[in-house]
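Down below is the structure, laid out as structure tokens.
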Amino acid sequence: MKNARMTLDRAYKIGKIDPRIYGSFIEHLGRAVYGGIYEPGHPTADGQGFRRDVLDLVRRLNVPVVRYPGGNFVSGFNWEDSVGPDRPKRLDLAWFTTETNEVGLHEFCDWCEKAGTSPMYSINLGTRGPEQARDIVEYANHPSGSRFSDMRIANGRKEPFGIHLWCLGNEMDGPWQMGHKTAREYGRTANESAKMMKWVDPSIELVACGSSSSEMPTFGDWELTVLDECYENIDYISLHRYYGNPTGDTPGFLARAMDMDDFIRTVVSICDAVKGKKHSKKTINLSFDEWNVWYHSNAQDQKIYRRDRWGRALPLLEDVYNFEDALLVGSMLITLLRNADRVKIACLAQLVNVIAPIMTRAGGGCWAQTIYYPYLHASRYGRGISLNAVVDSPVYDCRDYEGVPLIDATATLGGDGSVTVFCVNRDLRENFALEVDLHGFGNLRIGEHILLHHDDVHAVNTEDAPNAVAPVAGPGGEIDGEKATVRIPALSWNVIRFVPQR
Ligand code: AHR
């Protein structure tokens, strides 16, 4: 048994947690929409063709925003194709599939209402520009009496959709993107689009594209230039990052949250440098609107393309997540909480079938992948205030990082006075005794210890064995006044809930 210590004080706060850090993402890609959220004819389908079994699993997650309709898809998408009675079939050059446009803006907004979430709508700044950006805001948010608002009404929706959060394109720094731009070109287009969108509806918030990964050669310079162009008209800058473990190096893989933390801190520094340069009073915050593990499906996707280019709803990016993926996702959520003062939006990419916590079979069941659980727990209990947890843990070195804490942990303070500790034990073999000093929270007791553990890092959930990796009650611990000691099993995700004594 090893030892680690966490010190918490009611007065030491990182900041209020914006619930939107528990956002997710549905792209017109693979079986996310068709065969995922939407499958008319499925035994659980409702009158609009939405799968009720999927809605149930989504609702449990309490997802505040869902980014839509892309992703790379959006950079060639014409929003007009997705509304009204005429829905043209289009070749989607992002994923080399055929888009039928059966599900569009109205249907997705209806689905959001059913799922208890809100759309975060991304616009096409790849093949299109400020004019269409203006038009879609008019269509979605203007009450009536103009060409596009009246078109919405004619299409059956009297009240505006009131979409609050908009993404100004997607990954415009990437050469794979339709309409790829230089930072200066994108910054100018984003600025002009932002101005016009906000002139139509001044209440909206806008996310400009940051780098598609911290590994892009243009990372840093891209953010500086883009922000230089559009600082005063946007509200957030985006970050995207995916990790994989192709070499089977579990300690190195579990350390990747350190990279995510560096990425966030660097982007914060750049935002503040531009603020200083511009003598601005405004602070730009971060939207980490694509994050996850993504690598399991890469080889399979190449085979699918060799077989079936231009197919509809191909089973692309269907990563089957194992237990160690859930641990990294847990650490990535901890990283988001630690940076809650500046990360205001984050989207687990994605939600259903495509690199997703929820999987479905056509005509069959749906089930939660391993990564569903840390996401569920953080979304359910990680609300309120992010506390500045001081963690003292033994460390290890791996290929890319030195001094990786074996205990990766943070804590939140809920509105009901409860304190929740989120903790990943990265040690492959050793259990820990985690001492938690709780200062100024009043009389607390250990209400619950939720544990996710499996002896095999490669264990997965399937339709036939949906609970192979599922949370159980953890070993808990003792609390005496302001000092608690909790047992943290080797290689595990833990949620320890300290609740006020009644
Ligand atoms: O989420 C899958 C893809 O990853 C998105 O379409 C794109 O933005 C990113 O490269």
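Annotations for the structure displayed:
- Residue check for residue 347: in contact with a Gly (Cβ under 8 Å, 6 or more places away or on another chain), within 22 Å of residue 167 (Cβ to Cβ) and open to solvent by less than 50 Å² (accessible area, probe 1.4 Å): yes
- Note on segment 26-77: residues that are away from the ligand (no atom under 16 Å from the Cβ), at positive phi and small (Gly, Ala, Ser) total 3.
- Qualifying position, being surrounded by fewer than 23 Cβ atoms within 10 Å (Cβ to Cβ), within 16 Å of the ligand (Cβ to nearest atom) and not β-branched (Val, Ile, Thr), among 301, 341: 301
- Segment 200-225, subset touching a strand residue (DSSP E or B) at 6+ places or on another chain (Cβ under 8 Å) and within 30 Å of residue 144 (Cα to Cα), residue surrounded by the most Cβ atoms within 10 Å (Cβ to Cβ): 208
- Scanning segment 457-502 for residues that are within 30 Å of residue 362 (Cα to Cα) and among the β-branched types (Val, Ile, Thr) turns up 457, 460, 462, 469, 472.
- Segment 237-251, subset away from the ligand (no atom under 16 Å from the Cβ) and crowded, with 16+ Cβ neighbours inside 10 Å, residue farthest from residue 296 (Cα to Cα): 251
- Count of segment 364-388 residues, restricted to those that are surrounded by 24 or more Cβ atoms within 10 Å (Cβ to Cβ) and assigned to a loop (DSSP other than H, G, I, E, B), is 4.
Yes/no matrix, rows are residues, columns are (1) β-branched (Val, Ile, Thr); (2) in contact (Cβ under 8 Å) with a residue 40 or more places away in the chain; (3) in a helix (DSSP H, G or I):
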| position | (1), (2), (3) |
| --- | --- |
| 55 | no, yes, yes |
| 60 | no, yes, yes |
| 67 | no, yes, no |
| 86 | no, no, no |
| 91 | no, yes, no |
| 98 | yes, yes, no |
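- Tabulated pairs, segment 374-392, first touching a residue at least 60 places away in the same chain (Cβ under 8 Å), second surrounded by 21 or more Cβ atoms within 10 Å (Cβ to Cβ) and aromatic (Phe, Trp, Tyr), C-beta under 6 angstrom, 6+ apart or interchain: 374/493; 379/22
- Test: residue in segment 169-180 that is open to solvent by 20 Å² or more (accessible area, probe 1.4 Å), more than 16 Å from the ligand (Cβ to nearest atom) and farther than 16 Å from residue 122 by Cα: no
- All positions within segment 298-345 that are among the polar types (S, T, N, Q) and in contact with a helix residue (DSSP H, G or I) (Cβ under 9 Å, 6 or more places away or on another chain): 331, 335, 339
- Residue check for residue 260: touching a residue at least 60 places away in the same chain (Cβ under 8 Å) and open to solvent by less than 30 Å² (accessible area, probe 1.4 Å): yes
- Checked against (1) in a loop (DSSP other than H, G, I, E, B); (2) touching a residue at least 24 places away in the same chain (Cβ under 8 Å), residue 144 meets all criteria but (2).
- Exclusive hit being farther than 26 Å from residue 49 by Cα, within 15 Å of the ligand (Cβ to nearest atom) and open to solvent by less than 10 Å² (accessible area, probe 1.4 Å), set 289, 325: 289
The values are calculated or read from the model by the stated rules, or taken from the named source; none is laboratory data. The model shown is predicted, which means the values in this text are computed figures rather than measured ones. When we count neighbours, we look across all protein chains shown, and the Cβ atoms used for this are built from the backbone with ideal geometry, even at glycine. Ligands, DNA and RNA are stripped out before the accessible areas are found, and what is left, the full protein with its side chains, is counted by its heavy atoms. Shrake-Rupley method; radii C 1.70, N 1.55, O 1.52, S 1.80 Å.
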